[in-house]
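*Asks:* Provided herewith is a single structure, encoded as structure tokens, for subsequent inquiry.
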Amino acid sequence: MLWVNVKRIIRSGFLNFGRNAFVSLSSVLVMVITLCTIGALIFVSAILNASLQEIRDKLDINVYFITTAPEADVITLQKTLESMPEVALVTYTSREQALEDFKKRHENDETTLQALEELGENPLGASLNVKAKNPAEYQGIADYLSNESTLSTDGTSIVDKVNYYQNKVAIDRLTSIIDSAERLGSVLTVVLIVISVLITFNTIRLAIFISREEISIMRLVGANSFYVRGPFVVVGTIYGVVAAIFTLLLFYPITFWLGGATENFFIGLNIFEYYTTNFGQIFIIILLSGMAIGALSSYLAVRKYLKV
Amino acid sequence: MIYFDKVSKVYPDESVALQDVTFGIEPKEFVSIVGHSGAGKTTLVRLILAEDRPTAGQVFFGSTDIHSLKHSEIPEYRRKIGVVFQDFRLLPNKNVYENIAFSMEAAGRTDEEIESDVPHVLELVDLGKKIWNFPHELSGGEKQRVAIARAIVNQPDIVIADEPTGNLDPVNTYEIVQILKKINDLGTTVILTTHNKGVIDSLGRRVIAMEDGKVVRDDRQGRYSI
């Protein structure tokens, strides 16, 4: 019997959805707005996370050596650093390589190249680029570099400078900007989601208000609460599914259009690519949110009229 | 079958709808309840349907005190009663077939029963041709016949018709009353509320007259006079 009832409720829900086409359409459109807001939250947090990740990846320490530093000492330091557990990677750039890179960077800059020529010798020192496994460990590595191993064999420091301290301020500031942007963005979107869920709830309540007479008739001919409420919950769920499909289709041109802009503006995240690669996940989030909001709103909205 | 025991109903705004009403209705009876608007006829119906609770007294259906039923037991109870309203109260989004099928579905009948009983009951009220029409495509008399078909399809113990002819012309009124008589002849108790003199006089059955929430007369073979 339960199965027969469920079948009847579902069929009746689909019929009601179709027969109240105008009410259905407006409810679906309102719900599309809600789901777009939820989708926006997903994209905004993806962009901010990608930016944060990108900045963290850019974080490293460069150790510049004086031009007279013996190569063997630099290599020894590289070995020592590599043996430290918190260090992920140490890249050695020799003086010759540094000069090469410099020339390449300035190949269109006649004056600079001429000045270099004039100098006669290589003014650049060797350098080590250190990447830590965890951004929090840079402080320790930088401290180690400036205290412990600055002495070469003859007692004078071979380290010219460690750039961590200059970059640190900029990196910290950027990180905190992104952090607060993320927090602000999340709060804003949560507020927007709450507002649009309430609007959806009210729209569905209005749609059911129209049917209050119907609900009381059903009660008077002896239908129990489950049987009266069922079709409304089904209709609410259908609103959710249809709105989710609309929303996902809508995201396609929107993200495509915004894709190039986000790629240039933020650090390398194209939201169109993000959308297409994470489509499965976004699909499920949007679909389930839509179904849950629709079904729950209907369930709650009918309750008021079931007292008959 | 139905027994009102010293029933009073006072609405929250202090208006008295029923005052110490006592009467009983036997199985297979055809009872008309007459009175002016506001005499308490509709309140009686609402109490029988458990839409409202009495302020004092008890209403019995058989041996059950209707208002001691739990909220979840009310649907089951209502399936024993068929109701016809003045304003028809059909489900606007369902066609004639579905309107009648709905009350059968609510009563937990099988698809086979529904498929065979719905056309049958529509033949009974002479609406076989309008089976797929929606309520807004029907005339008042046709709507009321659908409502009657819905009321009797579950073979209830009792049919309550609350001013069923109030919105109908004389020809349709006559037809509806004939159908109600037929239902009663087939063994179902019928309670009819009305203020139509012609209907009462043509019936020649028991009449309970009400005034200001009180039963003022109860005649076995009554005529309309207030």
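*Asks:* Report whether or not residue A:231 is in a helix (DSSP H, G or I) and closer than 30 Å to residue B:156 by Cα.
*Replies:* In short, yes.
*Asks:* What helices (runs of 4 or more DSSP H) completely inside the range A:94-209 contain at least 1 residues that are touching a residue at least 12 places away in the same chain (Cβ under 8 Å) and of a type in the set (Lys, Arg)?
*Replies:* A:95-105
*Asks:* Quick check on my filter: what residues within the range A:156-212 are among the β-branched types (Val, Ile, Thr) and farther than 30 Å from residue A:235 by Cα?
*Replies:* A:156, A:158, A:159, A:162, A:169, A:171, A:175, A:177, A:178, A:187
Residue-by-condition table, conditions (1) crowded, with 18+ Cβ neighbours inside 10 Å; (2) outside the structural domain of residue A:282 (by TED's automatic domain parsing); (3) touching a Leu at 6+ places or on another chain (Cβ under 7 Å):
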site	(1), (2), (3)
A:42	yes, no, no
A:45	no, no, no
A:75	no, yes, no
A:95	yes, yes, yes
A:101	no, yes, no
A:106	no, yes, yes
A:109	no, yes, no
A:120	no, yes, no
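*Asks:* For residues that are within 14 Å of chain A (Cβ to nearest Cβ), of a type outside the set (Asp, Glu) and free of Cβ contacts under 8 Å to residues at least 12 places away in the same chain, tally how many sit in the range B:65-78.
*Replies:* Total meeting the criteria: 3.
*Asks:* Separate question: Check residue B:62 against each of (1) surrounded by fewer than 16 Cβ atoms within 10 Å (Cβ to Cβ); (2) free of Cβ contacts under 8 Å to residues at least 40 places away in the same chain and name the one condition it does not meet.
*Replies:* Answer for residue B:62: the failing condition is (2).
*Asks:* Take residue B:147 and decide whether it is in contact with a Lys or Arg (Cβ under 9 Å, 6 or more places away or on another chain), surrounded by 13 or more Cβ atoms within 10 Å (Cβ to Cβ), under 30 Å from residue B:33 (Cβ atoms) and modelled with pLDDT of 90 or more.
*Replies:* Yes: the conditions hold for residue B:147.
*Asks:* Further, regarding this structure: Tell me which residues, restricted to the range A:193-236, are of a type in the set (Gly, Ala, Ser), more than 14 Å from chain B (Cβ to nearest Cβ) and either under 22 Å from residue B:100 (Cα atoms) or surrounded by fewer than 22 Cβ atoms within 10 Å (Cβ to Cβ) (or both).
*Replies:* Residue satisfying the conditions is A:196 alone.
*Asks:* Can you name the residue in the range B:79-123 that is outside any loop (DSSP other than H, G, I, E, B), polar (S, T, N, Q) and under 30 Å from residue B:196 (Cβ atoms) and is also nearest to the other protein chains (Cβ to nearest Cβ) among such residues?
*Replies:* My answer is B:103.
*Asks:* Sticking with this structure for a sec: Of the conditions (1) within 30 Å of residue A:133 (Cβ to Cβ); (2) free of Cβ contacts under 8 Å to residues at least 24 places away in the same chain, residue A:42 satisfies every one except a single condition; which number is it?
*Replies:* (2)
*Asks:* Something else: Could you tell me which residue of the range B:102-138 is nearest to residue B:77 (Cα to Cα), considering only residues that are small (Gly, Ala, Ser) and touching a residue at least 24 places away in the same chain (Cβ under 8 Å)?
*Replies:* Filtering first and then ranking leaves B:107.
*Asks:* Would you please name the residue that is nearest to the other protein chains (Cβ to nearest Cβ), looking only at residues in the range A:5-22 that are in a helix (DSSP H, G or I) and polar (S, T, N, Q)?
*Replies:* Once the filter is applied, the top-ranked residue is A:16.
*Asks:* Still on this structure, I have one more. Give me the helices (runs of 4 or more DSSP H) completely within the range B:134-219, filtered to those with at least 1 residues that are farther than 13 Å from residue B:30 by Cα and within 14 Å of chain A (Cβ to nearest Cβ), ordered by residue number.
*Replies:* Where helices (runs of 4 or more DSSP H) fall fully within the range B:134-219 and carry at least 1 residues being farther than 13 Å from residue B:30 by Cα and within 14 Å of chain A (Cβ to nearest Cβ), they are B:140-152.
*Asks:* Oh, and also: Can you tell me which of A:12, A:45, A:83, A:27 is closer than 30 Å to residue A:176 by Cα and not aliphatic (A, V, I, L, M)?
*Replies:* Every option except A:45 fails the conditions.
*Asks:* Go through the range A:249-290 and give me each residue that's of a type in the set (A, V, I, L, M), assigned to a helix (DSSP H, G or I) and over 18 Å from residue A:37 (Cβ atoms).
*Replies:* Across the range A:249-290, the qualifying residue is only A:261.
*Asks:* Can you find a residue in the range B:160-177 that is free of Cβ contacts under 8 Å to residues at least 40 places away in the same chain and among the aromatic types (Phe, Trp, Tyr)?
*Replies:* Yes, some residue in the range B:160-177 is free of Cβ contacts under 8 Å to residues at least 40 places away in the same chain and among the aromatic types (Phe, Trp, Tyr).
*Asks:* Same structure, new question: In the range B:1-42, what residues are within 21 Å of residue B:60 (Cβ to Cβ), of a type in the set (Val, Ile, Thr) and in contact (Cβ under 8 Å) with a residue 60 or more places away in the chain?
*Replies:* Hits for the range B:1-42 are B:2, B:21, B:22, B:25, B:31, B:33, B:42.
*Asks:* While we're on this one: Pick out the one residue from A:234, A:228 that is among the aliphatic types (A, V, I, L, M) and under 15 Å from residue A:27 (Cβ atoms).
*Replies:* A:234
The values are calculated or read from the model by the stated rules, or taken from the named source; none is laboratory data. The structure presented is a predicted model; accordingly, all values stated were derived computationally and were not measured. FYI the Cβ positions are ideal-geometry reconstructions off the backbone, even for glycines, and counts take in every protein chain you see.
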